[in-house]
1. Just name one of F298, M260, Y318: the one whose Cα is farthest towards the positive end of the charge dipole of region 257-364 (beta-carbon charges, Lys/Arg +1, Asp/Glu -1).
2. Please turn the phi angles of region 105-121 into ³J(HN,Hα) values with the Karplus equation 6.51 cos²θ - 1.76 cosθ + 1.60 (θ = phi - 60°), one per residue in order, whole Hz, x for glycine and proline.
3. Give me the Kirkwood hydrodynamic radius of region 257-364, using the inverse of the mean 1/r over all pairs of distinct Cα atoms, in Å to one decimal.
4. Hand me the GluC sites (Glu not before Pro) from region 295-326 located in a DSSP loop with no more than 10 other Cβ atoms within 10 Å, in residue order please.
5. Label-point separation (nm) for K190 and K162, each offset 7 Å from Cα along Cα-to-Cβ?
6. Less than 20 Å from a label point 7 Å out along the Cα-to-Cβ axis of L113: which backbone N atoms in region 376-398 qualify, by residue?
7. Kindly state, to the nearest 0.05, the FRET efficiency for R47 paired with L353, given R0 = 56 Å and r defined as their beta-carbon distance.
8. For region 331-387, which chymotrypsin sites (Phe, Trp or Tyr not before Pro) are in a loop by DSSP, counting at most 14 other Cβ atoms within 10 Å?
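Just so you know, all these numbers are worked out from the coordinates, no wet-lab data involved. Computed from a prediction, not measured in an experiment: that's the story for all the values here. Heads up, the Cβs are rebuilt from the backbone with ideal geometry, glycines too, and the neighbour counts pull from every protein chain shown.
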Amino acid sequence: MATRKKAVSRSKRAAKVAPAKGKLGVMVVGLGAVATTMIAGVEAVLRGLAKPIGSLTQMGTIRIGKRTDNRSPKIQDFVPLADLNDIVFTGWDIFKDNVYESAAHANVLDKELLQKLKPYLEKIKPMPAVFDQHYVKRLNGTHVKKGKNKKELAEQVRADIKAFKKTVDRVVMIWCGSTEIFLEPTAVHKSIKAFEKGLEANDPGIAPSQIYAYAALSEGVPFANGAPNLTVDVPAMIELSKKNNAPICGKDFKTGQTFMKTVLAPAFKARLLGVSGWYSTNILGNRDGEVLDDPESFKTKEESKLGSLEYIFQPELYPALYKDIFHKVRINYYPPRGDNKEGWDNIDIFGWLGYPMQIKVDFLCRDSILAAPIALDLVLFLDLAKRAPTLRGLGIQEWLSFYLKSPQVAEGLYPEHDLFIQLMKLKNTLRHIMGADLITHLGLEYYD
Ligand SMILES: NC(=O)c1ccc[n+]([C@@H]2O[C@H](COP(=O)([O-])OP(=O)(O)OC[C@H]3O[C@@H](n4cnc5c(N)ncnc54)[C@H](O)[C@@H]3O)[C@@H](O)[C@H]2O)c1
């Protein structure tokens, strides 16, 4: 009887998540390598030409109930996610190239595949962007909006969103644009009021990515950030996100090297193996690599990449093991490799009685192939978050840290970087919003 009651109350709570009815409009800022690989990929999947490998929303499963229940539906059958058929893409870029041309330029996907998708891809043409070269030194675009101040530019982006909203049922925005110069929060980011004044006064602390984010959040549109830019990591944006129930999450897609770090570092810590040094270097030759060749943009990326180890190792709890780590990250622009990045890690560890050992990781990866499913999942999960009453008004969606190099958390909390804790948090959040029991992995009930 008690079980039945529990089931009824669960289904009542579950019923409260609004269904994903109608079209989901996805507004992508920056139609470069990652964005076009995501857009072309979704279309290829819809046509049965390829599989959505790497995407939790498309291929992942989730256990519900006890291990003995044998109930592990696909995530997309457990939570009401938008169907890929219902996604409508649009976006902005500083270049006029349509998505087909831009994808061809990025040279990530085979020409043969792009050719098949050409009629669809070439219809997606970028709207003029908000851009200022001061914030991305290595780019110089011509397809840009003009306005007397940043407020006017924000209003133009809001007008783009409003117009798009008329053609779809819900909207999500994702930044797949370039890495901006390193910025720290200032007085202009302290509140919505200060930020709006700053827009009018053309405050240099407001980067283009923040103009898009402000426009999105003002329109109640969730916003994801694929780059390490400051963007929504400031009180004004958090306030706006909560006020308009427009979910936000951390920043910088966790794809290659940091992905490996957040898998390996928890393993060393679990076994209490010490680490004296971790040297990470990369060569890549895409446009992202070119932008990161500028020291000011690199600094933004460096900060994002350095953060994870410090938080995973907790040197204040384990000074004998992790207090003196020498951690270095380098990115080198090397055109011949294009999007096929090579990331090397040399890890100096020590074990029993302090005896040293070394581990080498050489990840020959494909940047955008790793990033595209992350971008897709973020879009679909943010849309879900907006419809989930138990997440309403929270602003920051910490459960999406799984996808990001720099998780965003409530003030006073340290970010969780361990990939497996992040995955557990993500899946428990899905159970929570659907009213299912959380899984603690205690498992004593099997031995009763
Ligand atoms: N691919 C990965 O593995 C990965 C991982 C983490 C983060 N990222 C980040 O994702 C972002 C996109 O990466 P990418 O490889 O697609 O880069 P890309 O250079 O191919 O694409 C970026 C696009 O953004 C456009 N752009 C720049 N500023 C803009 C603005 N203000 N408004 C509109 N468009 C603008 C550029 O013209 C370009 O087309 C970068 O910031 C990168 O650092 C990528």
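1. Of the listed residues, the answer is Y318.
2. So the J values, rounded to whole Hz, are 5, 5, 6, 8, 9, 4, 4, 4, 5, 4, 4, 5, 9, 3, x, 6, 5.
3. Hydrodynamic radius (Kirkwood, Cα pairs) of region 257-364 is 14.6 Å.
4. E316
5. Going from the K190 label point to the K162 one covers 3.1 nm.
6. 376-380
7. 0.40
8. For chymotrypsin sites (Phe, Trp or Tyr not before Pro) across region 331-387 that sit outside H, G, I, E and B with at most 14 neighbouring Cβ atoms in 10 Å, the list is empty.
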